[in-house]
Amino acid sequence: FGSRICVFVFAVMALDPDVVRKHMPREFYSRFVEQGLRPDGRAVTAYRKLRVTRGVVNSALGSSACRLGKSYYIAGVRAVLQAPDPSSPCRGTIAFDVNFSPFCSSAFRDHRSTSQISSFVTSSLAAIFESPQVMDLTELCVKPGELAWCLEVSVECVEYDGSGLDAVVLAVTSALEDVRLPPIYDPSANDNQGRSSATCLHLGVRPVAITLVKFDDNVWLVDPTESDQQVGASLTVCFIGTERMFFCLGGMSGGLEGPGFQRMLQMASKLQVDVRKLAYG
C-alpha cells in the first residue's frame, strides 16, 4: 500500500508542481538544490538585487529605504530629550518599533505569529545597535544626569519576501547615519555658548546581517525568500566589526557547530564584504 502512495505522489509531482511545492516543499526544492539552484533559477549562494536610499521621509530627522529583491523596508528616526536613566546618567537611549502589516504579506494575517516576528526583529536590532562597537550612547548625553537624547527608530515593512533582518539592519544603519540632531539652546549659558549646532550621529562600525536557510548539513540558501524559508531553519549572522552575533527564530538542528557550519560562516563572511560595497559604495 505504501508503494502505491509513493507512485501517486511522484505522479502528482510530474503533473502539478504547484501542489507538490505547497505540500512537499523540501522534496520540490531538492531537485533544484542538487543542481545548485532554487526554483526561481537563482543560485543557492546568490544574493538578490540590493538598493539603499536615504532621506525618504521628510518629517523624520533621518530616514532610509532598503529594497532587497521584493522585500522593501522604510526606517525613520525621531529624537526626544528626556532625563537619562539614573543607572546610566551619562548615556542616551535608542528604542525600536517594527511593524509588519497584513498588507506586506499574507503571512502576517495571524496576529500571534506577527507579534512573534516583530518582537524577534526588535530585540535583534536592540542587541546589534546597542553594541559599543556600533554606537557610543554617551554621545547622546546633553547634560549628565539631567538631559539626554532618546532615539526612536520606526521600521515599516512595505513588502515582505524573506531575509527580514538583512534589509532592516541596512535600512536602520542608513537612517541613523542620515540623522542630524537639532541644536539645543541653554538659557543658563552665555549667549555665545548657549546654542549648540546640529549634530550628526557617528557609528563606530556599520553592522551587516546575512541570513541563510539550512537545507541540509552541506547546503545553505543565501538570502532566502519567503518561499525558501519554508524548507529549513533560518539563521542570521550579523557582522559587527570583529564581533559576530547569531539570531535564530525557531530551532536549528545540529546546533552551531560542525564542518558544514564552518563552511557557511566562511561563505557569509565573504558575502558581507560584497553587501557592504553594494549598500554603501
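A few remarks follow.
Residue-wise test of (1) at pLDDT 90 or above; (2) part of a strand (DSSP E or B); (3) closer than 21 Å to Ser118 by Cα; (4) under 20 Å from the mean Cα position of the chain (by Cα).
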| site | (1), (2), (3), (4) |
| --- | --- |
| Thr236 | yes, yes, yes, yes |
| Gly254 | no, no, no, no |
| Glu257 | no, no, no, no |
| Met264 | yes, no, no, yes |
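- Pairs, first without any contact (Cβ under 8 Å) to a residue 60 or more places away in the chain and surrounded by fewer than 13 Cβ atoms within 10 Å (Cβ to Cβ) in segment 258-281, second outside any helix (DSSP H, G or I) and not hydroxyl-bearing (Ser, Thr, Tyr), C-beta under 8 Å, six or more apart: Gly258/Asp217
- Of everything listed in (1) in contact (Cβ under 8 Å) with a residue 40 or more places away in the chain; (2) under 21 Å from Leu201 (Cβ atoms), the single unmet condition for Arg26 is (2).
- Filtered residue count, segment 19-52, keeping only those that are touching a Cys at 6+ places or on another chain (Cβ under 8 Å) and over 24 Å from Ser269 (Cα atoms): 0
- Within segment 125-149, being open to solvent by 10 Å² or more (accessible area, probe 1.4 Å) and assigned to a strand (DSSP E or B) holds for Cys141, Val142, Lys143, Leu147, Trp149.
- Qualifying positions in segment 211-247 - within 16 Å of Asp161 (Cα to Cα) and of a type in the set (D, E, K, R): Asp223, Glu226, Asp228
- One residue from Ser115, Ser119 being in a helix (DSSP H, G or I) and open to solvent by less than 60 Å² (accessible area, probe 1.4 Å): Ser115
The values are calculated or read from the model by the stated rules, or taken from the named source; none is laboratory data. Since we're looking at a predicted model, the values are computed, not measured. Here the Cβ is made from the backbone with ideal geometry for all residues, glycine too, and neighbour counts use every protein chain on show. Quick note on the areas: whole protein, heavy atoms, side chains included, nothing else; ligands and nucleic acids left out. Shrake-Rupley method; radii C 1.70, N 1.55, O 1.52, S 1.80 Å.
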